[in-house]
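The values are calculated or read from the model by the stated rules, or taken from the named source; none is laboratory data. As the structure is a computational prediction, the values presented were derived from the model and not from experiment. With ideal geometry, Cβ positions are generated from the backbone for all residues, glycine too; neighbour counts draw on all protein chains shown. Surface areas here come from the heavy atoms of the whole protein model, side chains and all, with no ligands, DNA or RNA. Shrake-Rupley method; radii C 1.70, N 1.55, O 1.52, S 1.80 Å.
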Amino acid sequence: MSILKTAALVATCLVCTSVLAQDKQLNIYSARHYPTDEALYADFTKSTGIKINRVDADDAGILARLKAEGAASPADVILLVDASRLWRAEVDGLFLPIKSRVLEEAVPSQLHAKAADNGGIAWFGLSTRARVVVFDKIKYKKSDFDSYEKLADPKYKGQLCIRSGSHPYNLSLFGAMTEHLGAEKTEAWLKGLVDNMARSPKGGDTDQIKAVAAGECGVAVTNTYYLARLMRSTNPADKSVTEKIGVVFPNQSSWGTHVNIAGGAVAKNAKNVDNAVKFLEYLASPSAQNHFANGNNEWPVSKGVSFDNPALKAMTGGSFKSELIPISAVGQNQIKVQQMLDRVGFK
């Protein structure tokens, strides 16, 4: 064999090796900072042989990085933890709409983006978190707060603890309320929340729960997975907190409790699109959905998935009525909601 032919063969083999290596990897930008998710990544690699390279950051940092990198971005999959952030990224053109029968059959239509003109879907919810009310069991009972509307009742003046109104978890709740009540009534409701605050908004959801247990306020709003963490903790201090509070899933007799999502999408400039779709489909599988519930105290999105999380079952008896408005509509309301918050002085 001539030297030229040998060189050409070596070059061809190097190209093939490079392509094969590319075929067996996946680059993920993730805002999910949960140690229990490591098992998900390991199981996916074990079953597919696809190596995962991961960049962890918060949602805002991930979206800023995607914009800065543009077409040169190595990201294949984007994992975010709020509907409003997913919607914002979709509007900014950072996602590649995909067609997947597996995902469309597994994820309820209200928990994913609307179909694009080509029929593709930009993002899918992969787990949910209910936004519930916790209250001082000595002072109040469940019926006192069985709807979000009651949080603004003047008789609870000086009793409410809540994190910043501009935090995405609250923006999504308030965006949902705008869908249910309309803008005018929602703004009046937000003003009522401000009037009822025990203190200026500060801290995260866990801080609000602990403030109720400490008697600093009588009622607070939290995502369920924060409460579930305290309920499953072996720390005596955490157990003491959960013994002092009650929990209610609001609006069970009307439109249902607000749920937010953690979701995923394929990056607009993904180089490993097939692997990215395969990974998202894996996250919607029964085994991964069960892991979301048992490992990180989130509610599954896929239909018919059962789970054994004792804290989630203790909160509800196993199930609850959740709202059915499209999550995409909640995201679209965030600018309108922020303007309301500014007008009523909700920091």
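Evaluate the distance, in nm, between pseudo-label points positioned 7 Å from the Cα of Ala214 and of Val91 along their respective Cα→Cβ axes.
According to this spin-label approximation, the distance is 3.6 nm.
In terms of the Cα gyration tensor, with a ≥ b ≥ c the square roots of its eigenvalues, is the range 214-347 rounded because a/c is under 1.5, prolate because a/b exceeds b/c, or oblate?
Oblate shape, in that a/c is at least 1.5 and b/c is the bigger or equal ratio.
(i) 92, 42, 32; (ii) 63, 52, 44; (iii) 56, 44, 43: which one is Cα extents along the principal axes in Å as calculated from this entry?
(i)
Compute the Cα gyration tensor for the range 170-290, then decide on rounded, prolate or oblate, letting a ≥ b ≥ c be the square roots of its eigenvalues: rounded whenever a/c is under 1.5, prolate when a/b is larger than b/c in the other cases, and oblate in all that remain.
Verdict is oblate for the range 170-290.
In the neighborhood of Lys24, defined by Cβ-to-Cβ distances under 14 Å, what is the net charge if each Lys or Arg adds +1 and each Asp or Glu adds -1?
Every neighbour counted, the sum reads +1.
For every helix of n ≥ 4 consecutive DSSP H residues, a contribution of -39,500 (n - 2.57) applies; sum these over the chain, divide by its total residues, and give [θ] at 222 nm rounded to the nearest 500 deg cm²/dmol.
-13500 deg cm²/dmol
What does the charge count near Val81 come to, summing +1 for each Lys or Arg and -1 for each Asp or Glu among other residues with Cβ under 14 Å from its Cβ?
-2
Under a 1.4 Å probe, what is the accessible area of the chain per residue, stated in Å²?
Heavy-atom SASA per residue in the chain reads 43 Å².
For the chain, find the longest principal axis of its Cα atoms and tell me its angle to the long axis of helix 286-296, 0 to 90°, nearest 10.
For 286-296 against the chain, the angle is about 50 degrees.
Given +1 on the Cβ of Lys and Arg, -1 on the Cβ of Asp and Glu, and no further charges, what dipole in debye does the chain carry about its Cα centre, rounded to the nearest 20?
Roughly 380 debye for the chain.
Find how much the distance from Asp308 to Lys51 grows on full extension, using 0.36 nm per residue of separation minus their present alpha carbon separation; answer in nm with one decimal.
Here the answer is 89.6 nm.
Could you work out the local net charge near Asp56, counting Lys and Arg as +1, Asp and Glu as -1, over the other residues with Cβ closer than 13 Å to its Cβ?
It works out to a net charge of -1.
Going toward the positive end of the dipole of the chain, with +1 on Lys and Arg Cβ and -1 on Asp and Glu Cβ, which of Asn170, Ala72, Leu26 do you reach last?
Asn170
Can you list the aspartates and glutamates whose alpha carbon sits under 20 Å from that of Lys303, skipping same-chain ones fewer than 8 residues off?
Reachable aspartates and glutamates: Glu104, Glu105, Glu281, Glu323.
Take the cross-link list Lys67/Lys114; Lys99/Lys313; Lys150/Lys336 and give me the ones stretching past 28 Å between alpha-carbons.
Long pairs (Cα-Cα over 28 Å): Lys99/Lys313.
On a 0 to 90° scale, report how tilted helix 3-23 is relative to the longest principal axis of the chain, with both axes built from alpha carbons and the result rounded to the nearest 10.
20
Between Lys239 and Ala116, what length comes free when the chain is fully extended (0.36 nm per residue of separation minus the Cα-Cα distance, one decimal in nm)?
39.6 nm
Using a 1.4 Å probe on the protein heavy atoms, what percent of the accessible area of the chain belongs to carbon and sulfur?
About 55 percent, which is the carbon plus sulfur part of the accessible surface.
Could you sort 263-274, 119-130 so that the peptide with the highest average Cβ count within 10 Å comes first and the rest follow in order?
Details: 263-274: 21.5, 119-130: 23.1.
Highest to lowest by the protection proxy: 119-130, 263-274.
Taking 0.36 nm per residue of sequence separation and subtracting the Cα-Cα distance, how much length would be gained by fully extending the chain between Asp342 and Lys24, in nm to one decimal?
109.6 nm
Could you state the number of Å between the C-alpha centres of the range 52-77 and the range 273-319?
25
Can you classify the range 111-250 as rounded, prolate or oblate using the Cα gyration tensor, where a ≥ b ≥ c are the square roots of its eigenvalues, rounded means a/c under 1.5, and otherwise it's prolate if a/b beats b/c and oblate if not?
Cα axes put the range 111-250 in the oblate bin.
So how far apart, in nm, are the two label points at Gln252 and Arg101 if each is 7 Å from Cα heading toward Cβ?
Label-label distance for Gln252 and Arg101, simple model: 3.9 nm.
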